[in-house]
Structures are given as C-alpha cells and as structure tokens.
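To keep things clear, I will list the structure first and then write my remarks on it.
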Amino acid sequence: MKVLIVDDSKAMRMIVLRTLRQAGFGDHEFAEASNGREALERLTEERFSLVLCDWNMPEMSGIDLLRSLRERGSKVPFGFVTSESSDAMRLSATEAGALFFITKPFTPEVFQSTLGSLFS
Amino acid sequence: MDFPSDALRNIATHVWLTLFQTDLHPVEITEDEFAKEDLAGIVHISGAWQGEVTVQCPAALARQLAAQMFAMAPEDLSQEEIRDALGEITNVCGGNLKAILPGPSQLSLPSIVSGSDYSLHVLGHHIVQQVGFRCGGAPLMVTVFQPDKGRAGIA
C-alpha cells in the first residue's frame, strides 16, 4: 500500500509515521504533504491506497481536501488524525466520506484497532 | 459557563503521557523562572467559546521535547523544527480543551513566541486557569485566557 500522511506539522507527520510502524504497519510505502493543497496535487499525480489527514491546515484544510477529492470522483480511503474532536466535526467528516477519525494524541493501539482492517 | 477546574491539568498530563510517556505533576511555578530564553505556543479558540491556550517552556526543554517528537539528537534540530514541535504540542492541548468546551468553535493554527525576559499578554483577556509543571526539571506552564467581561475580545 502507498499511504499519504498530511499534516502541516513536520513533527506530527514523523509521529504518525512512527506510530504506524509501531502498530505493525511499517511494511508499506509512505509519502507526506504539509497541507491540503499539496496533498491534492500529489493525489492527482500519484495513486495512494490510504490518506491520513490533519483537519486544520494552511492553504487547504483536511475537510476541504476530502470534499475536493470526492467531487473529482476519487474514492481513496481517507480519514482524519486531528487534535479536535467535536461531534459536529465527526459528522462532517463522515458525511464527506471519511472512514475514520483519530484524535491526537494517539497510541499504536488506537492505530491498530482503527486502521487494522484497512491495512489487511 | 464555569471553566472546568481540572481541565488544563488533565489535558496536559494526558498529552504528555501519550506523546512523551512522561508523567506530569502540577507544581508552583513563578514567572521569573521564564526570564531566560524561552518559547510560548499560542492557539486561539473562537466561536461559542472564545479564548487562548498557551504552552510556555524554556528553550532547552522545547529542544528536548522536539528531539523526542522528531526522534533526533537535540543538537541536530533547527529552530524551525523546535518551533514546529512546540506549535504542535500547543495545537494538541488546544484541540483537546476545545473538545470539552461549548461548541461550535474553531481552533487557530499555532503561533510561537520566542525570546528572553518578556511577558505574554492577550489584550482584553485575562487568565482563567494556569497550571505549572516540572518536566525534566524545567518549568512548563499551560495557561488559558478568556476575554474580559464586556469586551468582544478585539484589541
């Protein structure tokens, strides 16, 4: 699988990648983007199997990225990894087509239980 | 609404335990412990609840925390990476606080202030809760500001 990690914080992208490896999902290809617009460009040019995306980012937010992808007909599995977790945000994410919503800070166990079926 | 009394302590300890596998315990910290070079991360929450969350620590502690986040030697980190790390820590604390406050509201992107012998003020706002910790022997302060009563929170 080829996984795209989208977060404006380089430190958090490193933590997401490290946690994916700790959760046992290290045997895949990983790429990064620092905001929604950069991610959209990569997703247009390359084929990804999964997107893990922050919500609040400069240039283009995660939810706007997801909506843009779905409007273009992309069905790439997509979910959020974000510090915010209101019911309204979760509903917006689900309605936009997100498959999961992980709240920061997270543990390898959370990644295993949430992402296990997507990596299997 | 009354600000939840243990909110900051609970959030900070949860974030530190998960991100750094470190237990935090509240201690008395005075402002003069931050007279030397330090950094402060700030996020703003706006909407149904308005205010700011700040995370302040000495530059050396910020470098250590960033080193853990980047899994790099502290001396190999750039200033930009250290600011990024503290910004993300502040973002996570702010986001977790926002989750327990009235909504809907929005969380800003983090800002970072760095320097020495300065004091941080949010104009038209006051401190509603402040908790100090020691992390690796260094002071760490997490603070929540809210607008003064009768003000719209605009300077």
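The values are calculated or read from the model by the stated rules, or taken from the named source; none is laboratory data. What you see is a predicted model; the values in this text were computed from it and never measured. Note that we place each Cβ from the backbone using ideal geometry, even for glycine, and neighbour counts take in every protein chain shown. Only protein heavy atoms, including side chains, enter the accessible area calculation; ligands, DNA and RNA are left aside. Shrake-Rupley method; radii C 1.70, N 1.55, O 1.52, S 1.80 Å.
Just name the residue that is nearest to A:Lys104 (Cα to Cα) out of those in the stretch B:19-62 that are open to solvent by 60 Å² or more (accessible area, probe 1.4 Å) and part of a helix (DSSP H, G or I).
Checked the stretch B:19-62; the qualifying residue nearest to A:Lys104 (Cα to Cα) is B:Ala60.
A:Leu66 - would you say it is touching a helix residue (DSSP H, G or I) at 6+ places or on another chain (Cβ under 7 Å) and without any contact (Cβ under 8 Å) to a residue 40 or more places away in the chain?
So A:Leu66 passes the test.
Scan the stretch B:70-102 for residues that are farther than 19 Å from A:Asp54 by Cβ and facing chain A (nearest Cβ under 7 Å) and report the count.
Of the residues in that region, 1 qualify.
Based on what the data block shows, is A:Met89 within 18 Å of B:Gln106 (Cβ to Cβ), in contact with a helix residue (DSSP H, G or I) (Cβ under 6 Å, 6 or more places away or on another chain) and buried (at least 17 other Cβ atoms within 10 Å of the Cβ)?
It is false that A:Met89 is within 18 Å of B:Gln106 (Cβ to Cβ), in contact with a helix residue (DSSP H, G or I) (Cβ under 6 Å, 6 or more places away or on another chain) and buried (at least 17 other Cβ atoms within 10 Å of the Cβ).
Please go through (1) in contact with a helix residue (DSSP H, G or I) (Cβ under 9 Å, 6 or more places away or on another chain); (2) within 23 Å of B:Ser5 (Cα to Cα); (3) not acidic (Asp, Glu) for B:Pro110 and return the number of the only condition it doesn't satisfy.
(2)
Just wondering, is there one or more residues in the stretch A:70-82 that are among the aromatic types (Phe, Trp, Tyr), on the phi < 0 side of the Ramachandran plot and within 12 Å of chain B (Cβ to nearest Cβ)?
Looking for residues that are among the aromatic types (Phe, Trp, Tyr), on the phi < 0 side of the Ramachandran plot and within 12 Å of chain B (Cβ to nearest Cβ), one finds at least one in the stretch A:70-82, hence yes.
What are the residues in the stretch A:99-120 that are under 20 Å from B:Ser105 (Cβ atoms) and touching a Phe, Trp or Tyr at 6+ places or on another chain (Cβ under 8 Å), if any?
The answer is A:Phe101, and nothing else.
Give the number of residues within the stretch A:1-18 that are at the interface with chain B (Cβ under 10 Å from one of its Cβ atoms) and touching a residue at least 24 places away in the same chain (Cβ under 8 Å).
Residues flagged as at the interface with chain B (Cβ under 10 Å from one of its Cβ atoms) and touching a residue at least 24 places away in the same chain (Cβ under 8 Å) within the stretch A:1-18 amount to 5.
Working only within the stretch A:58-99, note down all residues that are in contact with a Leu (Cβ under 7 Å, 6 or more places away or on another chain) and part of a strand (DSSP E or B).
Passing the criteria: A:Phe78, A:Gly79, A:Val81.
Might you check whether a residue that is touching a Gly at 6+ places or on another chain (Cβ under 6 Å), more than 14 Å from chain B (Cβ to nearest Cβ) and open to solvent by 20 Å² or more (accessible area, probe 1.4 Å) occurs anywhere in the stretch A:60-67?
no
Please note which strands (runs of 3 or more DSSP E) are completely contained in the stretch B:75-155 and include at least 2 residues that are open to solvent by 50 Å² or more (accessible area, probe 1.4 Å) and touching a residue at least 24 places away in the same chain (Cβ under 8 Å).
Correct list: B:111-115, B:125-135.
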